[in-house]
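First the structure, in the form of structure tokens, and then the observations on it.
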Amino acid sequence: MKKCTKCNEEKEVSYFRKKKGGKDGLHSQCKSCDKEYRKDNKEYMKEYRKANKERIKEYQIEYQIKYHKEQYSKNRQDMNKYCNNCNKETSRYKSGHCKPCSNKRSEVNNKKRSGINMSVINRLSILVDKEVFDKHLYTEFNIKDVIQLHRNNSDKFIYFLLKDNELVYIGKSNGNFLSRINSHLKNKDFSDIRYRTVLTASSLDKIEKQLITKYRPKLNKEYIFNDAKYDIFDLKTEEVIRDTKTNLLSILNTSESSLSGLLSENRKKLYCRYMLLKNKPNESTFKNVLDKHTGLVERHNYITFAEKVSKNQNAVWYFMNGFTKTYMKKRYVLVE
């Protein structure tokens, strides 16, 4: 029960409006008294709001900032208790996931990395360029030997993870070899470990990249495509251009985004001329074209013929594909 300061009647709490600044969280006047006051002083309140417009606005902004800060900090504390994935109350990482969920995410990501989509890269080129890994050239992993090497200050390693005699990952360690292997046990599938020591820490990165480029293990997504060569088919000359992505930029005289679109098969052709070798047409596009003015027969496809007659490729496409029998007022004719 609460007593109204206006009508002096004791009423249920439900008859009073909520007020955050009040001692008991309620208005001092009941709802009916408050309603009467607003009705009697309607004009006065309207004029007051008009006269103190800026003041009221400033107060509202200050209140919102203060309220939102309190609410945000409260929500943040509550959020830190729960995992974003399973919603269980537990300790979690900065990513917002608990340890079991983070391990599951790592497994899923590694499966994606190991099974890279064929449409993303020219897989045939990668397979041609990579060398066969010979595990006998490297030392077999033994904990006692590794600990002894650490004691002798030989604690810089390049290591190789194998699954069924196939190299799946190459890594490096600078003084933390055993902890690195332990972390890989949680999220990588391998059955054998080989390693080699490195003299200086500064050469670790360079050697690691060289070996990844050489052997191209499937889990080393960062460097697996370094200096990989791609097969590009030139429709104009019907020749194959095989080179690295960096060199292809200058050879094809194109931008990096355009070339990436071609290699990822987001676009079928570049400049209506270049395409991936695996997508090349089964038959030659070159045909015999007779020039009635000179009597000469020349071999052309729609690209070279468009250049010859100084037209765009769309203008000659119908003629070169046999939809129209002649071109340029019967000057050019397709012949067998």
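Rule-based calculations on the coordinates, nothing more; no lab input. In this text, all values refer to a predicted model and were calculated from it rather than measured experimentally. Every residue, glycine as well, gets a Cβ built from its backbone with ideal geometry; the counts of neighbours run over all protein chains shown.
Annotation: extensible slack from Y271 through V240 equals 9.6 nm (criterion: 0.36 nm per residue apart, minus Cα-Cα distance).
A 21 angstrom limit on the alpha carbon distance is what I want to check against. Which of K186/K206; K104/K188; K144/K209; K3/K57; K2/K66; K163/K186 exceed it? Beyond 21 Å: K186/K206; K144/K209; K3/K57; K2/K66. With each label modelled as a point 7 angstrom along the Cα→C-beta vector, the Q64-D227 pair spans 5.9 nm.
Taking amide hydrogens as placed 1.01 Å from N in the peptide plane, the amide H of C7 sits under 5 Å from those of C30, each at least 5 positions away in sequence or on another chain. Here the 3J(HN,Hα) profile of region 38-44, calculated from phi with Karplus coefficients 6.51, -1.76 and 1.60 at θ = phi - 60°, is 5, 5, 6, 10, 4, 5, 4 Hz, Gly and Pro shown as x. Per-residue extension of 0.36 nm, minus the Cα-Cα distance of E36 and N247, leaves a gain of 67.6 nm for this segment. Within the same chain, lysines fewer than 8 places from K308 are excluded, and of the rest, those with a Cα less than 21 Å from its Cα are K236, K287, K292, K325, K329, K330.
At full extension, K50 and D291 could sit 78.0 nm farther apart than now, given 0.36 nm per residue minus the alpha carbon distance. Considering the values (i) 202; (ii) 139; (iii) 362, which represents volume of the Cα convex hull per residue in Å³ as calculated for the structure under consideration? Answer label, from the structure shown: (iii).
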